[in-house]
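Rule-based calculations on the coordinates, nothing more; no lab input. Source: prediction; values computed, not measured. Positions of Cβ are generated from backbone atoms using ideal geometry, with glycine treated the same way; all protein chains shown enter the neighbour counts.
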Amino acid sequence: MMSAFDKLKPENRTPNSYYVVLESFAHHCNIHEMVSFFGRMRKDGIEPNKHCCHHMMAALGKKGEIGRMLELYYYMKKSAILPDAVTFEQMLDSLGRVGETAEMQTLYHDMRKLGYCPSSSAFDSIIGAFAKKGETEQVFQFFSFLNAENIEPTETTYNSLIQVHGITGNFPNMLSTFQRMKERGPQPSLKTYNLLIDSLGRKGEVEEAENYFKELKKEGFKPDKTTFQSLIAACGTKGELTKMTTFFQEATKEGIPEDEGIYKSLVFGFGRKGKIPDILKYLKKLKGMGGKYENAIHDVIRLFASTGDKKHMQKLLQGLKKEDLAPSYLLYVYVIDGFGKEDKSEDMAHFFEEMKKEGLPPDELTFNSMISAYSKKGNVPKIMELFEYMKQEGIRPNKATYHSILQAVNNN
């Protein structure tokens, strides 16, 4: 295409010849060539027409080139090239996928000014994007716009509403929305049930979540990884280990593959009851599958720190060292940081001394965690003692160190 174009003498190149090349690049989503030719075309004094802009917009949206897509849109506005309804909907879909909600609002109002009414899929994109970001007010606002246009909500719309009601803890409205789906359609999907179970589980409503689990199976749905992860996490958080184990066994029976999220939930659940062997068992599984097991170790350490459970913390450390699940130095950093964040300076100091006895040199993070904890208590003498020790060890104080020191002095 380009070779044929380049063979044309400049005086024989019509606007249409430029448009054909540009639209060809757009059609094949050759973004680099398309943008480059667009610049060349304008340099030659040829401005794109409406069709060219629409093709370019579609290509940029498909490739997730959001910045360039918006630049093109504002160029079109400036040039009085009016997008059609399809172009607006393509842009809304692309923006929704990356959560650009502010730009979506602008586009929606521009669209309405031109007399276009968004389709149900456009409303799904907008409402879904706001729901994912937890911007509840805008979700309800756009749902009211949808109703005002007499557009029937789709399953996606209802799922977004259920998600938002779950985030805000408005269970009566969440369940009434679900009931409305069942009565008027569209019928709930597995995703709908998963949203209900996850929302109820996060708020500790394990029994209610379990009821919807039973209902989804009765409706002929096969629970998936998301279903089981939500139930296992809910039971673990509540410390209902028997139920948690039962759901994990059922997940295994259903052929759910090894999953990092499920193993982390099991680690946390067993952590709530101080079941060290089980914690270690699933940490090993996490490590074996290449999961981020260090995060799970950190979470369970923070759990013991939050309750001041020094006994189980000690047992956990011994087990982790024995199984070689993490470097000893890193474990102590996690423990000291955990107790420090929970404002338990005595426990923090205990493990700091233990760390030194094992010959493990404290690092910048260890010192900063301790200085920050003592800063909250206004313990300036202890802070200055640690500050001097830090310098003796050849560790250079950073911005966080000085911030904590100044905070303690000001509080005193």
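Details
- With Cα atoms, 0 to 90° folded angle of helix 136-148 axis to the chain main axis: 30 degrees
- The gain in end-to-end length when the Thr246 to Lys62 segment is fully stretched comes to 61.9 nm, 0.36 nm per residue minus the alpha carbon separation.
- Extended-chain gain in nm, criterion 0.36 nm per residue less alpha-carbon gap, Lys356 and His51: 102.7 nm
- Site pair Met289 and Leu406 shows an inter-label distance of 4.6 nm when each label is modelled 7 Å from Cα along Cα→Cβ.
- Segment Lys341-Val98, length gained on full extension (0.36 nm per residue, minus Cα span): 84.1 nm
- Computed helical MRE - 222 nm, the chain, DSSP H runs ≥ 4 contributing -39500 (n - 2.57), nearest 500: -24000 deg cm²/dmol
- Two-site FRET efficiency, Ile167 against Ser120, from Cβ-Cβ distance with R₀ of 22 Å, rounded to 0.05: 0.45
- Remark: segment 320-412 projects, on average over all directions, an area of 5.8 nm² (convex hull of Cα atoms).
- In degrees, nearest ten, helix 66-78 long axis to first principal axis of the chain (Cα): 40 degrees
- Between the beta carbons of Lys311 and Ser176, assuming R0 = 51 Å, the FRET efficiency works out to 0.65 to the nearest 0.05.
- Ranked packing of 263-273, 185-195, most packed first, by mean Cβ within 10 Å: 263-273, 185-195
- Stokes-Einstein D for segment 261-401, Kirkwood Rh over Cα pairs, 10 °C, 1.306 mPa s (µm²/s): 102 µm²/s
- Annotation: Cα Rg of segment 1-149 relative to the compact-globule expectation 2.2 N^0.38 Å equals 1.19.
- Cβ crowding within 10 Å averaged over residues, with 126-132, 139-145 ranked highest first: 126-132, 139-145
- Taking label positions 7 Å along the Cα-Cβ direction at both Ala148 and Ala4, the computed distance is 5.0 nm, reported to one decimal.
- Quotient of C-alpha Rg and 2.2 N^0.38 Å, computed over segment 1-82: 1.05
- In this simple spin-label model, placing a label point 7 Å from the Cα along the Cα-to-Cβ direction at both Val86 and Ser17 gives a separation of 2.8 nm.
- Between helix 31-43 and the chain: long-axis angle, C-alpha atoms, 0 to 90°, nearest 10: 50 degrees
- Ordering 2-11, 305-314 by mean Cβ neighbour count within 10 Å, with the highest value first, yields 305-314, 2-11.
- Among the GluC sites (Glu not before Pro) in segment 195-263, those located in a DSSP loop and surrounded by at most 15 other Cβ atoms within 10 Å of their own Cβ are Glu219, Glu254, Glu258.
- Förster radius 30 Å - calculated FRET efficiency between Lys376 and Lys322 (Cβ-Cβ, nearest 0.05): 0.30
- Inter-part distance where segment 226-290 and segment 172-187 are each reduced to a Cα centre, Å: 31 Å
- Average Cα contact separation per residue, the chain, under 8 Å, 6 or more apart, as relative contact order %: 6 percent
- Label zone (Glu388, point 7 Å along Cα-to-C-beta; backbone nitrogen cut-off 19 Å) within segment 321-355: 353.
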